[in-house]
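Here the structure is laid out as structure tokens; the discussion comes afterwards.
What follows is calculated from the coordinates using simple rules that are stated; it is not laboratory data. Model, not experiment: these values are computed from the prediction. Every residue, glycine among them, receives a Cβ derived from its backbone with ideal geometry; neighbour counts consider all protein chains shown.
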Amino acid sequence: MIQVNKIYPALCKLASCLDRADYEFTDAKTIKTKQEDGLVKEEIKTVTLGHACNNHVVEVNKMLQDIHKS
Ligand SMILES: [Zn+2]
């Protein structure tokens, strides 16, 4: 059976913009989980931080750098 799913386009993260995003910002995070046998398992996961339209790549990048700087 064919299913029809509505897809939601990503929107620019700049507060007042809400234009359709052309760019995606991701970060690779190391997730550590302790196993039952005491060993620590490390996994690298890609997380999506946000999206930006063509006009706001620089601004959104700067915004995300401020939020996620470590
Ligand atoms: Zn924008």
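Looking only at region 52-65, which residues are in a helix (DSSP H, G or I), within 8 Å of the ligand (Cβ to nearest atom) and within 20 Å of residue 28 (Cβ to Cβ)? Correct list: 60 only. Of all residues in region 13-46, those satisfying the criterion of being free of Cβ contacts under 8 Å to residues at least 12 places away in the same chain and of a type outside the set (Asp, Glu) are 15, 16, 18, 32, 33, 34, 35, 38, 39, 40, 41.
Test residue 49 against the criterion of being more than 9 Å from the ligand (Cβ to nearest atom), in contact (Cβ under 8 Å) with a residue 24 or more places away in the chain, in contact with a Lys or Arg (Cβ under 9 Å, 6 or more places away or on another chain) and not in a strand (DSSP E or B), and give yes or no. Can you show your working first?
Details: more than 9 Å from the ligand (Cβ to nearest atom): yes; in contact (Cβ under 8 Å) with a residue 24 or more places away in the chain: yes; in contact with a Lys or Arg (Cβ under 9 Å, 6 or more places away or on another chain): yes; not in a strand (DSSP E or B): no.
No: the conditions fail for residue 49.
For region 11-55, the set of residues classified as loosely packed, with under 10 Cβ neighbours inside 10 Å, hydrophobic (A, V, I, L, M, F, W, C) and within 18 Å of the chain's Cα centre (by Cα) consists of 15, 28, 44, listed by residue number.
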